[in-house]
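Enquirer: One structure, pasted below without further comment.
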Amino acid sequence: MSTVTELGAHVDKVQAFIIAIMIFWFVACNAVLIYFMLRYRRRSKHDKVSTIKGNHTLEIVWTVIPTLLCFVMFYYGVVVWKDMRTPPEDAMDINVRGYKWGWEFSYPELDGRIEGNVFYVPVNTPVRLVMKSSDVLHSFFIPEFRTKEDVIPSMYTYLWFEAKETGTYNVFCTEYCGRNHSAMLAKLHVLSEEEWEAYTSGDPNEGLSPTELGQKLYVSRACSGCHSSDGSALIGPSFKGLYGREGQGQDGTSYKADENYIAESIKYPNKLVVTGFQGGQMPAYEGQLSDKEIEALIAYIKTLQ
Ligand code: CUA
């Protein structure tokens, strides 16, 4: 797999260098081994084994050479690693939030624009990702850029890259984080200058129908982490068949899932906790989502019958 960042090319070189050394010594050692086996094999019953007491010169040679080689590999690795851990001062920041099981991207430089499981960067621009997890350990990996960093709940971690080619690249979670770990994927789109201009100047939600906007928010605002769209039970009730459902909260009040109920549940999720689920799991979205966005989510939920 080819790489499209300068840093990625350096990582490949370090790896090729180490593998070349390993292949050289593997072949050399085995060649000598086979030669000795043939050259000094027992030729008759009367062959005597010579007694060797040790050889200081040999001991020093086969200790010093591998040690020096280790230092060379270590030094080369550290030099590249240092570049990897030192983002350029002018890098563009993007915030990344990992959750079970998805990625949320927000752009502080674009009025806090939010994307879910997909993000966009300009080509030939250093980008720094400032990352945090809202639940368990995850790890953010862009294989084609040869860069990876753990995403953890207790502190911010970061990684940076500068893509030299436009295109679409895969992002994986590489820290086992539960049932849907393998589905915790995202796409990175590296845009040309003109495409980036269009992306940043336009309203990314323009032209979306309420249902489409709702579906987008369902992913980008991480509803999908706790509310499935296929009827399976996660931390919260599934959205499938939610609209129109009747039931009871834990305090005995009955509800019918109409527009008011759904809007209330988004804004104040702990007011009515559905039987069978635990309260206090979801943050209140009061003030976080506009009325238009809540209506879009309701429109999307209505389609999940
Ligand atoms: Cu997140 Cu694995």
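Enquirer: Please work out which residue is nearest to the ligand (Cβ to nearest atom), limiting yourself to the range 97-125 and to residues that are in contact with a Phe, Trp or Tyr (Cβ under 6 Å, 6 or more places away or on another chain) and within 25 Å of residue 7 (Cβ to Cβ). Let's see the steps before the verdict.
Expert: Kept after step one, since they are in contact with a Phe, Trp or Tyr (Cβ under 6 Å, 6 or more places away or on another chain), are these residues of the range 97-125: 105, 113, 115, 117, 119-120, 122.
Now restrict to residues that are within 25 Å of residue 7 (Cβ to Cβ): 105, 115, 117, 119-120, 122.
Numbers: 105: 15, 115: 17, 117: 12, 119: 16, 120: 21, 122: 27 Å.
Across the range 97-125, the extreme among qualifying residues is 117.
Enquirer: So, in the range 279-296, exactly how many residues are open to solvent by less than 60 Å² (accessible area, probe 1.4 Å) and of a type in the set (D, E, K, R)?
Expert: So the answer is 1.
Enquirer: OK, next. If you scan the range 248-278, which residues turn out to be out of contact with any Asp or Glu (no Cβ under 9 Å at 6 or more places or on another chain), exposed (fewer than 14 other Cβ atoms within 10 Å of the Cβ) and small (Gly, Ala, Ser)?
Expert: Within the range 248-278, 252, 276 meet the criteria.
Enquirer: So how many residues does the range 139-167 have that are assigned to a loop (DSSP other than H, G, I, E, B), more than 14 Å from the ligand (Cβ to nearest atom) and out of contact with any Pro (no Cβ under 7 Å at 6 or more places or on another chain)?
Expert: Taking the range 139-167 first, the residues assigned to a loop (DSSP other than H, G, I, E, B) are 146, 152-156, 162-166.
Imposing the further condition that a residue be more than 14 Å from the ligand (Cβ to nearest atom) reduces the set to 146, 154-156, 162-166.
When the remaining residues are screened for being out of contact with any Pro (no Cβ under 7 Å at 6 or more places or on another chain), the result is 146, 154-156, 163-166.
Total meeting the criteria: 8.
Enquirer: Would you check which residues across the range 82-96 are away from the ligand (no atom under 16 Å from the Cβ) and not in a helix (DSSP H, G or I) and list them?
Expert: Restricting attention to the range 82-96, the residues satisfying the condition of being away from the ligand (no atom under 16 Å from the Cβ) are 82-95.
Passing the criteria: 85, 86, 87, 88, 89, 90, 91, 92, 93, 94, 95.
Enquirer: Suppose we keep only residues that are open to solvent by 40 Å² or more (accessible area, probe 1.4 Å) and over 11 Å from residue 222 (Cβ atoms) within the range 99-111. Which one would you say is modelled with the highest pLDDT? Full working, then the answer.
Expert: Restricting attention to the range 99-111, the residues satisfying the condition of being open to solvent by 40 Å² or more (accessible area, probe 1.4 Å) are 100-101, 108-109, 111.
Filter once more, keeping what is over 11 Å from residue 222 (Cβ atoms): 108-109, 111.
Details: 108: 89, 109: 86, 111: 79.
So, considering only residues that are open to solvent by 40 Å² or more (accessible area, probe 1.4 Å) and over 11 Å from residue 222 (Cβ atoms), the one modelled with the highest pLDDT is 108.
Enquirer: Let me ask another. Mind counting the residues in the range 112-133 that are assigned to a strand (DSSP E or B) and open to solvent by less than 40 Å² (accessible area, probe 1.4 Å)?
Expert: First, the residues of the range 112-133 that are assigned to a strand (DSSP E or B): 113-116, 118-122, 127-133.
Those left that are additionally open to solvent by less than 40 Å² (accessible area, probe 1.4 Å): 113, 115-116, 118-119, 121-122, 127, 129-131, 133.
Summing the residues that are assigned to a strand (DSSP E or B) and open to solvent by less than 40 Å² (accessible area, probe 1.4 Å) in the range 112-133 gives 12.
Enquirer: Test residue 112 against the criterion of being closer than 30 Å to residue 235 by Cβ, of a type outside the set (A, V, I, L, M, F, W, C) and over 12 Å from the mean Cα position of the chain (by Cα), and give yes or no. Give the derivation first.
Expert: Details: closer than 30 Å to residue 235 by Cβ: yes; of a type outside the set (A, V, I, L, M, F, W, C): yes; over 12 Å from the mean Cα position of the chain (by Cα): yes.
Criteria met by residue 112.
Enquirer: Sort out which residues of the range 170-180 are in contact (Cβ under 8 Å) with a residue 60 or more places away in the chain and buried (at least 17 other Cβ atoms within 10 Å of the Cβ), and write them in order of number.
Expert: 171, 173, 177
Enquirer: Which residues, taken from the range 168-213, are out of contact with any His (no Cβ under 8 Å at 6 or more places or on another chain), within 16 Å of the ligand (Cβ to nearest atom) and assigned to a loop (DSSP other than H, G, I, E, B)?
Expert: Within the range 168-213, 174, 176, 178, 179, 180 meet the criteria.
Enquirer: While we're looking at this one, here's another question. If you check residue 134 against the conditions, is it in contact with an Asp or Glu (Cβ under 9 Å, 6 or more places away or on another chain) and either closer than 20 Å to residue 218 by Cα or near the ligand (Cβ under 9 Å from one of its atoms) (or both)? Even if it seems obvious, please write down each step before you answer.
Expert: On the way: in contact with an Asp or Glu (Cβ under 9 Å, 6 or more places away or on another chain): yes; either closer than 20 Å to residue 218 by Cα or near the ligand (Cβ under 9 Å from one of its atoms) (or both): yes.
In short, yes.
The values are calculated or read from the model by the stated rules, or taken from the named source; none is laboratory data. Please read all numbers here as calculations on a predicted model, not as lab measurements. Cβ atoms come from the backbone with ideal geometry, glycine included; neighbour counts cover every protein chain shown. The protein model used for the area step is the full one, side chains on, heavy atoms only, and it has no ligands, DNA or RNA in it. Shrake-Rupley method; radii C 1.70, N 1.55, O 1.52, S 1.80 Å.
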